[in-house]
1. Express as a percent, rounded to the nearest 5, the fraction of DSSP beta bridges in the range 207-278 (both residues included) that run antiparallel.
2. For residue 92 and residue 119, calculate 0.36 nm times their separation in residues minus their Cα-Cα distance, and state this gained length in nm to one decimal.
3. Could you compute the net charge surrounding residue 377? Neighbours are other residues with a C-beta less than 15 Å from the C-beta of residue 377; K and R count +1, D and E count -1.
4. Please report, ordered by residue number, every helix of the chain (full DSSP H runs) that is 27 Å or longer along its axis going by C-alpha atoms and whose mean Kyte-Doolittle hydropathy reaches -0.5.
5. Indicate the gyration tensor shape class of the chain (rounded, prolate or oblate), computed on the Cα atoms with a ≥ b ≥ c the square roots of the eigenvalues: a/c under 1.5 is rounded; otherwise a/b larger than b/c is prolate and the rest oblate.
6. Set the Förster distance to 56 Å, then compute FRET efficiency between residue 194 and residue 488 from the Cβ-Cβ distance, nearest 0.05.
7. Report the per residue volume, in Å³, of the convex hull enclosing the C-alpha atoms of the range 239-355.
8. Over the chain, what is the percentage of antiparallel beta bridges among all DSSP beta bridges, to the nearest 5?
Amino acid sequence: MDLLARPAEDPADSRTYLLNQKTAQDYRTAVSESVARVGAKIAGTDRPFTGITVDGLAPTVSGIDLDTPLHDTAAALDELEEVYLRDAVYFHHPRYLAHLNCPVVIPALVGEVVLSAVNSSLDTWDQSAGGTLIERRLVDWTAERIGLGEAADGIFTSGGSQSNLQAMLLARDEACRRALTGAGVPSPEPGTPAPSRLTDVLPRLRILTSECSHFSIRKSATLLGMGAEAVISVPSDEHKRMRTADLADELARCHRDGLIPMAVVATAGTTDFGSIDPLPGIAELCDRYGAWMHVDAAYGCGLLVSRRRALLAGIERADSVTVDYHKSFFQPVSSSAVLVRDRATLRHVTYHADYLNPRRMAERRIPNQVDKSIQTTRRFDALKLWLTLRTMGAAAVGELFDDVIDRAAEAWKLLHDDPRFSVVVEPQLSTLVFRYVPSTDQDPELCDRVNLHARDALFASGDAIVAGTVVDGRHHLKFTLLNPETTLEDIAAVLDLIAEHAGAYLAEQPRPALSAR
Ligand SMILES: *Cc1c(COP(=O)(O)O)cnc(C)c1O
């Protein structure tokens, strides 16, 4: 197409797309139209997924000419139906049982509408005003629920991975400061020289975490220049909780070898098993060895508002905590925070820019959240949680989480009593890791393939979505229950579907494999 031959666009036209005093009515119409369509979509989906393949969908997306706009909201939404909405994965559906994605609460969606239109940026007071104060109230509220004490603080982040990264950064810089000043570290073994330079300290830093902890801890170590080998993996017990005795051994070994245990990362709700590490015992050891205690409660944070709060006992002793509201608080992505016991430690991410947050603003006590964040421009995600707490309340959120934990306990019994499956651990939260086992003498390789096939076939059918993981080198299936609308009947029906797909696969195997039965 000859671009030069195009008529010049009328500048008045392009301005009609800007939200302002003159276009507020257009905004209402366009957004109402999109809300109506999503509402209809949510009401009308009878499966979590259509089963579309990458090859089936990619041509539709590539076929869109991004340089030829439609100039019409309804037309753009019609097109979006084809490229996205029709084949999206719907987390609100009761047979979506795969990852840590929750159905979202409506008050939070109201918050999403408000925050994106007003578009506050939470880096400075002069870009957000009340937004900054609301975020700070929610940080304080969360820290209080955890029990972190008077000096606590924190910041909203994009997710648990970023929260963990920031916590590890603070822990690293605190460990360096303490190693160089000799403050609060156990006296070294005789013969170990006290480090005098940062370059001597860095290679000696170690992070200790259980073998079941989230991969973002290892990734953080790499991002922080420590290398993945700076992470010491502590074995878990038969309930997939960190073995405190092994942690004690590893800490003693670090001490003997002149290594610095910069942080111990406990997980309150492991991603695969929902297991909660023994927080009080870990806190004791952190005290003894002067290690920063981080609790990754990305998944388990919903317990803070549930009737099972006691499962988090010991979390109040943490130096930092990760919470993902977009997991167990039923918030839309993104909504997460990192909390710290001592607000002074946040100075490790404080940098002053003349144009943005000059030092004199801090002196005048003007709250600039960028001083505590590793991001600069930042969404007002806190508003979603605010409207959730103000509309439905924390206890109602906790009930939703309690419901899915109850359901997981019932589903565990179902699986445990079903000879077609073996289930790994009885859940503390809401995940179930299990494996289809055709018969006890079946070859484990074949069993792996059967489980992989069943998961893929189920995904391709779109009838339900389940996750998979590897336990002791063997492929397993996983349910993550976060939808209180998922019934035990749904779970039983999905187990039957898995068994059907698995059975069909086995029936297609060559004779020798079958004769092993
Ligand atoms: C999900 C999860 C994370 C990562 O959180 P994102 O929000 O996905 O970045 C970290 N830790 C645990 C235990 C998790 O379950």
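1. On the way: 2 of 9 bridges.
Bridges in the range 207-278 that DSSP calls antiparallel: roughly 20 percent.
2. Numbers: separation 27, 0.36 × 27 = 9.72 nm, distance 2.67 nm.
Between residue 92 and residue 119, full extension yields an extra 7.1 nm.
3. Numbers: positive: 372, 378, 379; negative: 123, 126, 135, 371, 381.
So the environment of residue 377 carries a net charge of -2.
4. Numbers: long enough: 24-44 (30 Å, -0.08); 160-181 (31 Å, -0.31); 394-416 (33 Å, 0.33); 488-507 (28 Å, 1.02).
Membrane-span-like by this rule: 24-44, 160-181, 394-416, 488-507.
5. Oblate, since a/c reaches 1.5 and b/c is not below a/b.
6. On the way: r = 60 Å, r/R0 = 1.07.
Computed FRET efficiency for residue 194 and residue 488 comes out at 0.40.
7. Values: hull volume 16.2 nm³, N = 117.
Enclosed volume per residue, from the Cα hull, is 138 Å³.
8. Numbers: 24 of 44 bridges.
Around 55 percent antiparallel, to the nearest 5.
The values are calculated or read from the model by the stated rules, or taken from the named source; none is laboratory data. Note that this is a predicted model, so its numbers are computed, not measured. Here the Cβ is made from the backbone with ideal geometry for all residues, glycine too, and neighbour counts use every protein chain on show. In case anyone asks, the SASA skips ligands and DNA or RNA and just uses the protein heavy atoms, side chains included. Shrake-Rupley method; radii C 1.70, N 1.55, O 1.52, S 1.80 Å.
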